[in-house]
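What follows is a short report on a single structure.
The values are calculated or read from the model by the stated rules, or taken from the named source; none is laboratory data. Quantities reported herein were computed from a predicted structural model and do not represent experimental measurements. A quick note on method: Cβ atoms are made from the backbone with ideal geometry, for glycine too, and the neighbour counts reach across all protein chains shown.
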Amino acid sequence: MGDTQKTAVICGLANKRSIAWAIAQKLHAAGWRLAITYQNERLEQEAKDLIADLPGAAGFMCDVSFDDQIAKLFEQLKTQYGVLHGVVHSVAFAPAEELKGEFVNTTREGFRIAHDVSVYSLIAVVRAAAPLMTEGGGIVTLTYYGAEKVVPRYNVMGVAKAALEASVRYLAYDLGPRGIRVNAISAGPIKTLAARGISGLSDMLKSHAERAPLKRNVDPAEVGSTAAFLLSEAGSGITGETIYVDCGYNIMGF
Ligand code: NAD
Ligand code: 0WE
């Protein structure tokens, strides 16, 4: 393939259940060269073991709450790859206490952290990536239905995802003239590390499967193939959009 191969960076690999991993597998199968990031030393070994299964893929550490770590990541990517064609942002965090109890009790610090890690990080990563995307390309982030309708206990994350979806539209406007498209995938609930600690998740998955037109839950591979589609030529007319990969759950009124 040589220099016809496209390169993407995927941020947010924790383990084999991560949506980032499902996306990595689909992009790899579609012929992409991948740089995959994990948050810290604690996740390094597991991430590197997974990345070793994808020939040509490389791992990088990056905590997106630090500007210097984002700057260093993109310096490394510029040196190693020169040009980037794709960015996947699969990162979110709110302090655990904020995902319990009532939204009205959201703390100033919990609000700040949720928005810093889950929303501002997209803006910072996109700003750092854009100068490397000299041939145009695509950016994809992950959101959830709690951005637009109340999901009990999703709380400040719902507000952060609403800001994330609005950020996608503003970024799409800024980067459109450079041939860079920015979209969000709104995934149905999936049992990942970020969802496992959530009390009542099993009940949620059950009722999601009952209410969704497809009568089942989403397979992370379906989120992966949608990301691969959005980053491919097939998605060339789509930008600023939130695409639902939720087995149709969001269309239901009753
Ligand atoms: P996950 O735990 O596998 O991935 C979340 C990742 O965010 C982890 O790799 C974690 O290390 C990373 N992260 C958190 N803080 C970070 C920081 N400061 N710097 C760098 N990385 C950081 O869980 P997931 O479900 O795959 O989540 C990925 C994305 O998908 C998130 O944006 C999440 O909101 C979204 N999402 C998840 C679901 C679901 O039900 N699992 C549904 C819709 C959307
Ligand atoms: O976006 C998410 C989860 C994001 C998340 C998860 C955690 C758990 C561990 C962010 N921060 C943290 N902080 C932690 O300490 N999802 C879409 C999955 C999810 O989370 C929920 C859900 C669903 C679905 C929380 C409450 C209710 C439903």
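Worth a mention:
For (1) hydroxyl-bearing (Ser, Thr, Tyr); (2) surrounded by 19 or more Cβ atoms within 10 Å (Cβ to Cβ); (3) at pLDDT below 95; (4) part of a loop (DSSP other than H, G, I, E, B), each residue gets a yes or a no:
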| position | (1), (2), (3), (4) |
| --- | --- |
| 191 | no, no, yes, yes |
| 194 | no, yes, yes, no |
| 210 | no, no, no, no |
| 218 | no, yes, no, yes |
| 227 | no, yes, no, no |
| 234 | no, no, no, no |
| 237 | no, no, no, yes |
| 240 | no, no, no, yes |
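- Filtered residue count, region 92-149, keeping only those that are in contact with a helix residue (DSSP H, G or I) (Cβ under 6 Å, 6 or more places away or on another chain) and among the polar types (S, T, N, Q): 4
- Breaking point among (1) more than 28 Å from residue 218 (Cα to Cα); (2) out of contact with any strand residue (DSSP E or B) (no Cβ under 7 Å at 6 or more places or on another chain); (3) of a type outside the set (A, V, I, L, M, F, W, C); (4) buried (at least 16 other Cβ atoms within 10 Å of the Cβ), for residue 78: (4)
- Among residues of region 163-179 being among the hydrophobic types (A, V, I, L, M, F, W, C) and within 13 Å of residue 241 (Cα to Cα), the one that is surrounded by the fewest Cβ atoms within 10 Å (Cβ to Cβ) is 166.
- Once region 36-51 is narrowed to residues that are within 19 Å of residue 81 (Cβ to Cβ) and out of contact with any Leu (no Cβ under 6 Å at 6 or more places or on another chain), the residue that is surrounded by the fewest Cβ atoms within 10 Å (Cβ to Cβ) is 48.
- For region 1-47, the set of residues classified as polar (S, T, N, Q) and either closer than 14 Å to residue 58 by Cα or free of Cβ contacts under 8 Å to residues at least 12 places away in the same chain (or both) consists of 4, 7, 25, 37, 45, listed by residue number.
- Contact map, region 118-135: residues that are farther than 16 Å from residue 173 by Cα paired with residues that are within 16 Å of ligand 2 (Cβ to nearest atom) and among the small types (Gly, Ala, Ser), Cβ distance under 8 Å, separation 6+ or inter-chain. Pairs shown: 118/92; 118/94; 118/160; 119/160; 119/163; 119/167; 121/65.
- Some residue of region 73-92 being within 14 Å of ligand 1 (Cβ to nearest atom) and over 23 Å from residue 172 (Cα atoms): no
- Inside region 155-167, residues that are away from ligand 2 (no atom under 15 Å from the Cβ) and in contact with a Leu (Cβ under 9 Å, 6 or more places away or on another chain) make up a count of 1.
- For residue 160, the conditions (1) within 11 Å of ligand 1 (Cβ to nearest atom); (2) assigned to a helix (DSSP H, G or I); (3) surrounded by fewer than 24 Cβ atoms within 10 Å (Cβ to Cβ) are fulfilled apart from (3).
- Checked against (1) within 16 Å of ligand 2 (Cβ to nearest atom); (2) without any contact (Cβ under 8 Å) to a residue 40 or more places away in the chain; (3) of a type outside the set (Val, Ile, Thr); (4) more than 24 Å from residue 18 (Cβ to Cβ), residue 203 passes all but condition (4).
- Within region 220-254, the only residue that satisfies the criterion of being touching a residue at least 24 places away in the same chain (Cβ under 8 Å), charged (D, E, K, R) and closer than 22 Å to residue 17 by Cα is 246.
- Scanning region 180-210 for residues that are in contact with a Ser or Thr (Cβ under 9 Å, 6 or more places away or on another chain) and among the small types (Gly, Ala, Ser) yields 184, 186, 187, 194.
- So residue 138, is it more than 15 Å from residue 121 (Cβ to Cβ) and within 13 Å of ligand 1 (Cβ to nearest atom): no
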